[in-house]
Amino acid sequence: MDFILIAVIVLGAIGLIAALVLFAASKKFAVYEDPRIAQVSELLPGANCGGCGFPGCSGMADALVKGADAGSLDGLSCPVGGAVVMGKVADLLGMAIANSEPMVAVVRCNGTCEHRQKIAEYAGLRTCAAMHACGAGETACGFGCLGCGDCMEACQFGAIHVNPETGIPEVDEEKCTSCGACVKACPRNIIELRKKGPKGRRVYVSCVNKDKGPAAMKACAVSCIGCGKCEKECPFGAITVENNLAYIDFGKCRLCRKCEKVCPKHAIVAVNFPAPKPKPEEEERKEETV
Amino acid sequence: MSKLIVSLSPHAHGTDSVERNMYGVIIALMPALLVSFYFFGLGSVVVTATSVAACVFFEWAISKYILKQERNSVLDGSAILTGLLLAFNLPSNLPAWIIIIGALFAIGVAKMTFGGLGNNLFNPALVGRAALLVAFPAQMTTWPKVGQWGSYLDAETGATPLSIMKDAIKSGDASLLNQLPDSLSLFLGNHPDGGGAMGEICGLALLVGLGYMLWKKIITWHIPVSIIATVFVFAGLLHLANPAYADPVSVILTGGLMLGAIFMATDYVTSPMTTKGQLIYGVAIGFLTVVIRNWGAYPEGMSFAILIMNAFTPLINNYVKPKRFGEVAK
Amino acid sequence: MNARTFSIGGIHPEENKLTHEVATKVAALPKQAIFPLSQHIGAPAKPVVQKGDKVKVGTLIAEAGGFVSAPIFSSVSGTVFKIDTAIDATGYRKPVIIINVEGDEWEETIDRSDKLETVEAHPELTPEEIVNRVKEAGVVGMGGACFPTFIKLTPPPTAKAECVIINAVECEPYITADFRLMMEHADEILVGLELLMIAAKVTTGYIGIETNKPAAIELLTEKVITKFNVQSSKFNVSVVPLKQRYPQGGEKQLVDAVIQRQVPAPPAIPVNVGAIVQNVGTAFAVYEAVMKHKPLFERYTTVTGKRLANPGNFLVRMGTPMQDLIDACGGMPEGDNKLLAGGPMMGKALTSTEVPICKGTNSVTIISDDEARRKEPQPCIRCAKCVGVCPMGLEPYLLAKLSEIKNWERAEQEDIVSCIECGSCQFTCPAHRPLLDNIRQGKATVMGIIRSRAAKK
């Protein structure tokens, strides 16, 4: 019996000493962290996507608290959480927040298999980066989408997928958080973050080809040839043509769609607008012929 | 005119392929295989066939039904190789059901769970052998004598040279070593009264295999030479200090040393990627083998030495770098 | 002969020197000549002609676009058709000058005679004068890299040149242009070497030739002895036979093989260990530029391929579309083909046969049938054969993996920027893995990171 008692006492003493040492260490080596950082972290989505530009949500929480102390939360925005989360964070920190427009990734290329003929066969590593380094790709357009899906790989939200029929990636508006990963991944800078627009409506030039007209037309049926008709037509001065390519400034565009109607190559695309209603005269004519 | 094909350079490729290397090693094992049929007869044929069939079956089934791979990995020939090497580590009177368990361990646990060819950390055949040794110690440590043509499960067993050496060390009696067959018999494999594992028995056949692999540039000399040289030196020093330790030539020619040095330690996946690293690896294996053989519980140390060093291979790969071109001495 | 070679790695691909014995033919003039403005490392040249201008052979059509740049001269006489964009060897549309060919009228300043001009006959040639003539003639590295030669001849103050090494190795399979040039113009090449040595202010010269060209070694050795191994010569020149091995033609490997000195990792260059390396074609171009006042507008090009009816070596005017040369060799073969500007190891695969011959096009290689496609890659079996063949002592399996998973920090630590993109690793890999594709990607990204880090400082 004695030895059991001794064992218990010895172990108990070791335990007690260890506990005291740990307590002392936790006090002496404690790192002070502002409790607000943990609170803000709780509010953030926790996806650690890096879309805010900081290393993970904890990095963003740190920056937000520092920003609050400095007096402003300008320039800090969580694209995943959006206005809702930023509002909650601003409330917690007792700050006001500027309203930012929701953005979405836009793939500015319509060079589908139908529109763009293949002139060569690529037999190497199937990534956009490798194909871009090899040359123009399998078509005659050295600026257009290569369709190997580097953007798809980069997206952490499953918001962009290459359509196997057209060979061009398509963005799921609901899932896109405009974090910008696909923009960085595309070796040809085809993807751009643009304003989502009211009711998701937006107008953009779906082409980034800077070749002169004849060369661009030969490569793709719907390429922008830089003719400038859209620039002249736009009543708001939102379109500029530079290097044989038209660009619509989404800050100035009012979605009037005049440019789309006047583009001879159908290179300008308008999304999420209602389908055009048939005119009344046409309906009468149809009834007559039937 | 059909479209031109494009890709980045290089636009040419040598004649080497995974299949060429795997089948090359299998061909290198043929002399040892034929010799084991000669010495161990029916038992050897049954054990080899069962082991190869089981390994191939398990790899095919796992690749098709569990991993659902497009191109079934059994086609590259590595399963046949694992089957042969596993069989070479076994006694020729091992019952079929034990062999199948061994194959399941080798392919299923040691190879496929890690991700298949190229990703395993430990040598699959050795993991199979080690698992069987631990699970079935009695069956795995009784070795049939050579020369029994028609017997399989009923083969008569006897002491192996390794067990003789172990006794000598334990008792400290050097005269026991006189029971060892002479070096030539050990080299050719016709031990008068003893046995061993199927593949270990004939050093000559294994050396022929080594020659073939070096000629076909399947492996380089670094690992086999460093292992054998280290064992020779270390065992030699021990023998000089105390004659109860066997002479270095016998040490090299007995047990799984030649088989391990030539075929098991040189496995691509589990050995280091630089020649410097391979030499370090070989020296360590040689050292550990002698240590385990002399002072460990088991008479055979090679398999455990290789498995231990397999675990160190990633560390060696991390720190041992090849000599860079134009390296400026710091 | 006791031949040397470089010390680390290397492979021995099938030679396929189909055109070894085929004497050089003069290629027919094209109907339209296309001159890309970027045929060299550095800033693209700037056009000095416009649509409708008449030009002769040797007329300046584009001036150098900066310090690291070179002028471009017309190789044909005719009228400038337009200044437009066209697909060049990079695979992209780039600015070009297109000239409609009319007749074959040369500039009067060019000496078209066959007379061999010697340095002794021209005492006015100071090092500065030679470098200047080389610069104005637009001479660039003819081995394929196209680095402006005049810059190489004037090393930075921190480096001192000790010798000139002529790269006559031609280690790539198929290509025989340099060999034919040596057999047909050995005297001019040696005068070119002399000019290079004077310009670089050195007295030692080496000519590295692989042992698969015994006729060239014999011929040049004989001529070197008669020209340089005489009492009056202040130069010390030797022909160095080298064991056949790829990539011996790589600058760093050649310097290691010839003078047993290894150039350290970038940003070090061969002149940091005292060697100036020039391709044998460049030496010939230097002779023509300095002695014959002939700017760079034509070159020796091999047109070859196993399925070509009549592969051959051509003296071709730059700007000639490749289709013309392929037609002269019997036309493009039926079936699957890869059209390469250069050899099979480092050549560029092209999407169009209309790409023109440029300053660095030493070969047009056609790879056909099975050889034109890659096999399916299998998982890495960790055989370490790639480590054994890498001439820079790197670990390709590791660099490829790090590039794939985008671990740039570790890739930089593993010296990915030292890779010379020779392709030995991918050639050897039994699992047919696209090692170089991945490493190239990683190398470009890491070099970008290093540049932006330096720019921030």
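With semi-axes defined as the square roots of five times the eigenvalues of the C-alpha gyration tensor, the equivalent ellipsoid of the stretch B:228-330 measures 29, 16, 11 Å, largest first. In this structure the amide hydrogen of C:Cys390, modeled in the peptide plane, comes within under 5 Å of the amide hydrogens of C:Gly10, none closer than 5 places in sequence on its chain. Extents of chain A, taken as max minus min of Cα coordinates on every principal axis and listed largest first, are 111, 50, 45 Å. How large is log10 of I(q)/I(0) for chain C at q = 0.06, 0.07, 0.12, 0.14 Å⁻¹ when the intensity is taken from the Debye formula with one equal scatterer per alpha-carbon? Values, matching the q order: -0.25, -0.35, -1.10, -1.50. In this label model, C:Ala43 and C:Asn2 are separated by 5.1 nm, measuring between points 7 Å along each Cα→Cβ vector. Counting only other chain Cβ atoms within 10 Å of each residue's Cβ, the peptide C:434-444 averages 4. Once the Kirkwood radius over Cα pairs is known for the protein assembly as shown, the Stokes-Einstein relation at 20 °C and 1.002 mPa s delivers a diffusion coefficient of 62 µm²/s.
Across peptide B:270-282, the average count of Cβ atoms from other chains found within 10 Å of a residue's Cβ is 2. With R₀ fixed at 41 Å, the C-beta to C-beta distance from B:Trp295 to B:Phe114 puts the FRET efficiency at about 0.85. On a 0 to 90° scale, report how tilted helix B:18-61 is relative to the longest principal axis of chain B, with both axes built from alpha carbons and the result rounded to the nearest 10. Taking the Cα atoms of chain B, the angle to B:18-61 is about 20 degrees. For A:Gly50, the residues whose modelled amide H falls within less than 5 Å of its own, excluding neighbours fewer than 5 places apart on the same chain, are A:Gly56.
With Cα atoms as the point set, the radius of gyration and Dmax of the stretch C:127-291 evaluate to 14.5, 40 Å.
Packing here is the average count of other Cβ atoms within 10 Å per residue, and on that basis the peptides B:64-70, C:58-64, C:357-363, highest first, run C:357-363, C:58-64, B:64-70.
For chain B, the longest principal axis of the C-alpha atoms and the axis of helix B:78-88 are separated by about 0°. If only the Cβ of Lys and Arg carry +1 and only the Cβ of Asp and Glu carry -1, the dipole of the stretch B:18-139 around its Cα centre is close to 100 debye. Among the helices of chain A, those built from whole DSSP H runs whose Cα atoms reach 27 Å or more along their own axis and whose mean Kyte-Doolittle hydropathy is at least 0.0 are A:2-28. For chain B, the longest principal axis of the Cα atoms and the long axis of helix B:302-319 meet at an angle of about 40 degrees.
In the distance distribution for the stretch A:180-286, Cα-Cα pairs more than 20 Å apart total 47 percent. Among the listed pairs B:Lys217/C:Lys401; A:Lys229/C:Lys82; A:Lys118/A:Lys195; C:Lys135/C:Lys227; C:Lys17/C:Lys338, those whose Cα-Cα separation exceeds 23 Å are B:Lys217/C:Lys401; A:Lys229/C:Lys82; A:Lys118/A:Lys195; C:Lys135/C:Lys227.
A straight Cα-to-Cα reach below 21 Å connects A:Lys66 with the lysines A:Lys88, residues fewer than 8 places away in its own chain not being considered. Relative intensity of the stretch C:385-456 on a log10 scale, I(q)/I(0) at q = 0.13, 0.17, 0.18, 0.20 Å⁻¹, equals -0.33, -0.54, -0.60, -0.73, per a Debye sum over C-alpha point scatterers of equal strength in the absence of solvent. Projecting the alpha carbon convex hull of the stretch A:35-93 along each direction and taking the average yields 3.3 nm².
Scaled against the 2.2 N^0.38 Å expected of a compact globular protein of N residues, the Cα radius of gyration of chain B reads 1.04. For a paramagnetic label modelled on A:Val262 (point 7 Å from Cα along Cα→Cβ), amide N atoms under 18 Å away belong, within the stretch A:205-240, to A:205-206, A:224-240.
For peptide C:336-348, the mean count of partner chain Cβ atoms within 10 Å of a residue's Cβ comes to 4. As a rough guide to protection, the peptides C:126-136, C:292-302 ranked by mean Cβ packing within 10 Å, highest first, stand as C:292-302, C:126-136. Model label points for C:Leu315 and A:Glu170, set 7 angstrom from Cα along the Cα-to-Cβ axis, are 6.1 nm apart.
For A:Lys195 and B:Glu19, a Förster radius of 60 Å and the Cβ-Cβ distance give a FRET efficiency of 0.60, rounded to the nearest 0.05. Amide H to amide H distances under 5 Å link B:Ser92 with B:Met198, where only residues 5 or more positions off or on other chains count and H is placed in the peptide plane.
Sequence-ordered 3J(HN,Hα) estimates for the stretch C:248-265 from the Karplus curve with 6.51, -1.76 and 1.60 and θ = phi - 60° stand at 5, x, x, 2, 5, 5, 5, 4, 4, 5, 7, 10, 6, 10, 9, 5, x, 4 Hz, glycine and proline given as x. Scoring A:116-124, C:342-350 by mean Cβ neighbours within 10 Å over their residues and listing the highest first yields C:342-350, A:116-124.
Values quoted throughout were computed directly from the atomic coordinates according to the rules given, and no laboratory measurement underlies them. The structure displayed is predicted, hence computed values, not measured ones. All Cβ positions, glycine included, derive from the backbone under ideal geometry; neighbour counts span all protein chains shown.
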